[in-house]
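J.: Take this structure, written in structure tokens, and hold onto it; I'll ask about it next.
The values are calculated or read from the model by the stated rules, or taken from the named source; none is laboratory data. Bear in mind the structure is a predicted one, so any value in this text is a computation, not a measurement. Here the Cβ positions follow ideal geometry from the backbone for every residue, glycine too, while neighbour counts run over all protein chains shown. We work out accessible area using only protein heavy atoms, side chains counted, and drop any ligands, DNA or RNA first. Shrake-Rupley method; radii C 1.70, N 1.55, O 1.52, S 1.80 Å.
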Amino acid sequence: MPLTQLDLFNKKILLAPLDWGLGHAARCVPLIKQLQQQKNSLVIACTTVQKSFLQQEITGVTYVYLFGYNVRYASTLPLWIKIAWQMPRLCMVVRRENKWLANYLQKDKIDIVISDNRFGFYSKEVESIFITHQLNIQSPALKKLVNVVNASFIKNFNTCWIPDYEKEQDRLSGVLSQPEQSLKNTIFIGPLNRFEKKETQEKKYDLLILLSGPEPQRTWLEEKLISVLLNTNYKIALVRGSYLPLSTKLHGNFHVTDIASTSQLQELFNSSEKIICRSGYSTLMDLHALGLKALLIPTSGQTEQEYLATYWKDKFGFTFLEQKNISKENIEIYLLSK
């Protein structure tokens, strides 16, 4: 922040974030707050879990329920195969949300529609804006075709906002945000983050673990890291990113939060020596704003996270550990490193 190119004032805006974990909802928080400062009124279309999170962060908005994509990750199969398997259902969800929006616009006068990565959330009747940093998807198969299809969806919108820096040398998302040549409606608005860099304070925790993303991979990583760290002397803050019950009874060295607010996370960031997290783009934007580094464990087979983990390791000096290599020894090497 501040964001750029947001020339929207005194409008009624309908905004919908993708339910792919809570990252999309989280990165919409600073956007919503700036739009409110610009005298816009907002209606947020979201799932029940997203609403519970957003109600901790913002006031003065109206909520309407919108069904989610409910993407499931694979337990064993490569993720791109699992996603490909779900494509017919996901395309049906896109058509369904487009119809939902058309029906909603008949009942309520909306000036602007903003979609954070929901492909069907656009209308020819009102100005429609799409938010994404993924314009050049690093697919392991049929990459050109995947990006042609991706661009065809984005072209349904009047404008595509890219939450990154315009100069290539400054990019946080690397090649992911490089627009395909046929896309002419893209605008770089700068990174989205919820935090302010503050003075270092006393460290209460040796390690902060941030979990996020769809199941069952979120739970798998949670259980794996708990099993590695359960019988140690490390003081650990665990932010689960889920309201699901814990499967393991934890000892006193674990401080557990299901869903953390911005103020809670700010406190945990400032009071933790080390951080372990997925290499999701929303989390990385937050870490960049705070000037912090972390051990990144990308979701296996999610090419975006695998690319970003490598990119941030090379460009920003983060540590990168493949999920299959999680062990007590490797985690302790990271914790003991300077």
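J.: Using Cα centres only, tell me the gap between the stretch 27-47 and the stretch 82-156 in whole Å.
T.: 20 Å
J.: Under the 0.36 nm per residue contour assumption, what length would be gained going from the current alpha-carbon distance of Phe153 and Val256 to full extension?
T.: Full-extension gain reported as 33.1 nm.
J.: Another question, if that's okay. Straight-line reach only, C-alpha to C-alpha below 18 angstrom: list the aspartates and glutamates that Lys184 could link to, leaving out same-chain residues fewer than 8 apart.
T.: Candidates past the 8-residue exclusion: Glu127, Asp164, Glu166, Glu168.
J.: Using the beta-carbon distance between Gln181 and Lys107 and R0 = 45 Å, what value does 1/(1 + (r/R0)^6) give for FRET efficiency, to the nearest 0.05?
T.: Efficiency computed from Cβ-Cβ geometry: 0.70.
J.: Here are several values of semi-axes √(5λ) of the Cα gyration tensor in Å: (1) 46, 24, 19; (2) 33, 22, 20; (3) 34, 25, 19. Which one was derived from the coordinates shown?
T.: (2)
J.: Give me the 1.4 Å probe accessible area per residue for the stretch 173-320, excluding ligands and nucleic acids, in Å².
T.: Working: 6310 Å² over 148 residues.
Roughly 43 Å² per residue, with all protein chains present.
J.: Determine the dipole magnitude for the chain: charges of +1 sit on the beta-carbon of Lys and Arg, -1 on that of Asp and Glu, nothing else is charged, the reference point is the Cα centre, and the result goes in debye to the nearest 20.
T.: Working: 40 positive and 31 negative charges, 119 e Å.
So the dipole magnitude of the chain works out to roughly 560 debye.
J.: Pairs of lysines 8 or more apart, or on different chains, with alpha carbons under 13 Å: count those in the stretch 209-338, would you?
T.: Details: Lys224/Lys324; Lys224/Lys328; Lys235/Lys274; Lys274/Lys293; Lys274/Lys338; Lys293/Lys313; Lys293/Lys315; Lys293/Lys338.
Taking the Cα cut-off of 13 Å, the pair count is 8.
J.: Run the simple label-point estimate for Ile58 and Gln169 please: 7 Å along Cα→C-beta, distance reported in nm.
T.: Computed distance between label sites Ile58 and Gln169 equals 3.5 nm.
J.: Take every Cα pair under 8 Å in the stretch 223-272 that's 6+ residues apart, average their separations, divide by the length, and report that relative contact order as a whole percent.
T.: On the way: 38 pairs, mean separation 19.3, N = 50.
Averaging sequence separation for qualifying contacts and normalising by length gives 39 percent for the stretch 223-272.
J.: Now for a different question. Would you mind computing, in nm to one decimal, how far apart the modelled labels at His288 and Ser263 are, each placed 7 Å from Cα along Cα→Cβ?
T.: Distance between label points: 2.8 nm.
J.: Which of rounded, prolate, oblate describes the stretch 172-217, given a ≥ b ≥ c as roots of the alpha-carbon gyration tensor eigenvalues and a/c under 1.5 marking rounded, otherwise prolate only if a/b is larger than b/c?
T.: On the way: a/c = 3.76, a/b = 1.79, b/c = 2.10.
Oblate.
J.: Determine, from the Cβ-Cβ distance of Lys204 and Leu230 and an R0 of 25 Å, the FRET efficiency 1/(1 + (r/R0)^6), rounded to the nearest 0.05.
T.: Working: r = 19 Å, r/R0 = 0.77.
Computed FRET efficiency for Lys204 and Leu230: 0.85.
J.: Might you work out the accessible area of Leu6 for me, using a 1.4 Å probe with all protein chains in place, and round it to the nearest 10 Å²?
T.: Accessible area, nearest 10 Å²: 10 Å².
J.: Okay, next question. What is the calculated FRET efficiency for Gln36 to Asn70, with r their C-beta to C-beta distance and R₀ = 41 Å, to the nearest 0.05? Could the numbers behind the result be given before it?
T.: Values: r = 29 Å, r/R0 = 0.71.
Once the sixth-power term is evaluated, E becomes 0.90.
J.: Would you mind checking which residues have amide H under 5 Å from Ala45's amide H? H placed 1.01 Å from N; only 5 or more apart, or other chain.
T.: Leu15, Ala16, Val64
J.: Which cross-chain or sequence-distant (5 or more) residues have an amide H under 5 Å from the amide H of Cys160, H modelled 1.01 Å from N in plane?
T.: Phe130, Thr186, Ile187
J.: Once phi is turned into ³J(HN,Hα) by the Karplus curve 6.51 cos²θ - 1.76 cosθ + 1.60 with θ = phi - 60°, what whole-Hz value does each residue of the stretch 126-134 show in order, with x for glycine and proline?
T.: Each residue's phi maps through the Karplus curve to give 9, 4, 10, 10, 10, 10, 6, 10, 9 Hz.
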